[in-house]
Amino acid sequence: MNLVGLTLDQFVRLLASDKPAPGGGSVAALAAALSAALCAMVARLTVGKEKYREGWEAMEKVRDAADELAREFLNLVEQDTEAYNEVLAAVKLPKETEAQRSFCQQAIENATQHAAAVPLATLEHLSRVPDLLREALERGNPNCLTDAGVAVQLVRAAAVGAAYNVRINLSGIKNGELVQAMSARMAEFRAQVERATGELEQLVDQRLNS
């Protein structure tokens, strides 16, 4: 399914339909992509403007990193829906014989592990965005303050949403060691993002109040 090739209207209509995917995991990845895109926009609205020359070099790096992350997040939009569909396909496998039941159970386990790994990847990549946003806020075009501020909120929403999707899939995985490891990584990335976005939100508020 080529989700990222849809128009906004088509995507929203598909999201609102009775199809179970795309769902929250893909939307979390999309929110992450939008946050990175806003960050790249701030950088581009800084580079080339003589008034902000001192920030050009830093913003060029922010632009390139944010572009790369936006592309990765768009890939994750697709991957999350594909992973969910893999789980549905595994559940529908025949279960008439013992061999079929065993194969089905293993297929469900593998698909569910993949379904947890995708939003975990979203969280991991998200952990890189706050540093870029801090650079954008400190060295970028100050006229883009609220654009960066919206990006901060999107990062937070994407992180919480991705964590939800990791957790719901971990609950269906039988491999206890894997569950423990993925849960620890999820908690680490989510805490890192929430701590950083909290600091950035305060920075945005201070700038707006000054």
| field | Environment charge at HIS125 (Cβ cut-off 11 Å; Lys +1, Arg +1, Asp -1, Glu -1) | value | -1
| Rg ratio (alpha-carbon, reference 2.2 N^0.38 Å) - the chain | 1.17
| Lysine pairs, Cα distance under 24 Å, 8 or more residues apart or cross-chain: how many in the chain? | 5
| field | Gaussian network model of the chain, Cα within-10 Å springs - most flexible of ALA16, ALA90, ALA36 | value | ALA16
| task | Give, rounded to the nearest 20 debye, the magnitude of the charge dipole that the stretch 37-84 has about its Cα centre when Lys and Arg contribute +1 at Cβ and Asp and Glu contribute -1 at Cβ. | result | 400 debye
| task | State the answer as a single residue: which of GLN100, ALA37, THR197 lies farthest towards the positive end of the charge dipole of the chain, with beta carbon charges of +1 for Lys and Arg and -1 for Asp and Glu, about the Cα centre. | result | THR197
| message | If the only charges are +1 at each Lys and Arg Cβ and -1 at each Asp and Glu Cβ, what is the size of the charge dipole of the stretch 1-155 around the Cα centre, to the nearest 20 debye? | response | 280 debye
| request: Could you work out the local net charge near GLN206, counting Lys and Arg as +1, Asp and Glu as -1, over the other residues with Cβ closer than 15 Å to its Cβ? | output: -2
| message | Run the helix sum for the chain: -39,500 (n - 2.57) per DSSP H stretch of 4+ residues, divided by residue count, reported at 222 nm to the nearest 500 deg cm²/dmol. | response | -28000 deg cm²/dmol
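Using a Förster radius of 45 Å, what is the FRET efficiency between ASP131 and GLN100 based on their Cβ-Cβ separation? Nearest 0.05, please.
0.35
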| message | Nothing charged except the Cβ atoms of Lys and Arg (+1) and of Asp and Glu (-1): what's the magnitude of the dipole of the stretch 117-176 about its Cα centre? Round to the nearest 20 debye. | response | 280 debye
| task | Grab the beta carbon distance between ALA89 and ASN209, set R0 = 35 Å, and tell me the FRET efficiency rounded to 0.05. | result | 0.10
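Taking the Cβ of each residue in THR146, THR112 as the centre, tally the other Cβ atoms inside 10 Å and list the residues starting with the fewest. Each step should come with its number before you reach the end.
Values: THR146 12, THR112 24.
Ascending number of Cβ neighbours within 10 Å: THR146, THR112.
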| Mean shadow area of the stretch 18-109 over all directions, Cα convex hull, nm² | 7.7 nm²
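Take the alpha-carbon positions of the stretch 143-210, form their convex hull, and give its projected area averaged over all directions (one quarter of the hull surface) in nm².
That works out to 4.6 nm².
Computed from the coordinates by the stated procedures, all read-outs in this text should not be read as laboratory data. Computed from a prediction, not measured in an experiment: that's the story for all the values here. We place every Cβ from the backbone using ideal geometry, glycine too, and count neighbours over all the protein chains shown.
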